[in-house]
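The values are calculated or read from the model by the stated rules, or taken from the named source; none is laboratory data. Not measured: the values here are computed from a predicted model. Here the Cβ is made from the backbone with ideal geometry for all residues, glycine too, and neighbour counts use every protein chain on show.
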Amino acid sequence: MPEYNILTVVGSFLGYKYSIETIVFLSKANKGKNYPMFGITSKDHPRFDISLSDDVIINISETQKKMDKIGGNNPMYSKHHCSETIAKMNIVKGGGTIYVYDIHGSFRNSFSSIRKNC
């Protein structure tokens, strides 16, 4: 029985797996004169000779700064992880306890991270 509603996002092919035959067909179908931008040179391009005013560039820059998650815009700004959370993150990252031995092979010390060792 066929499976219906296979797309997870309405109106989007996000996550859809094309068959090899479909990929080859679409590739051939969009080559040469069938390519939507075929024959369009820089002067024929829809955005040719369109420049943004200084005000627009400044507005875009300011909007991007507001959206960036740096400084005060970052949800973790001026907050710190507790030692338990740091230990969990070290384990997930592949880190863990660092053991220090002397040249004779005797245990000397252990650290939860290299930063604390420095």
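Assess whether Ser51 counts as being of a type in the set (Ser, Thr, Tyr) and over 30 Å from the mean Cα position of the chain (by Cα). When the stated conditions are applied, Ser51 does not pass them. Within the span defined as segment 66-73, every residue fails to be at negative phi, modelled with pLDDT of 80 or more and out of contact with any helix residue (DSSP H, G or I) (no Cβ under 7 Å at 6 or more places or on another chain). Looking only at segment 74-90, residues that are at positive phi and in contact (Cβ under 8 Å) with a residue 12 or more places away in the chain come to 0 in all.
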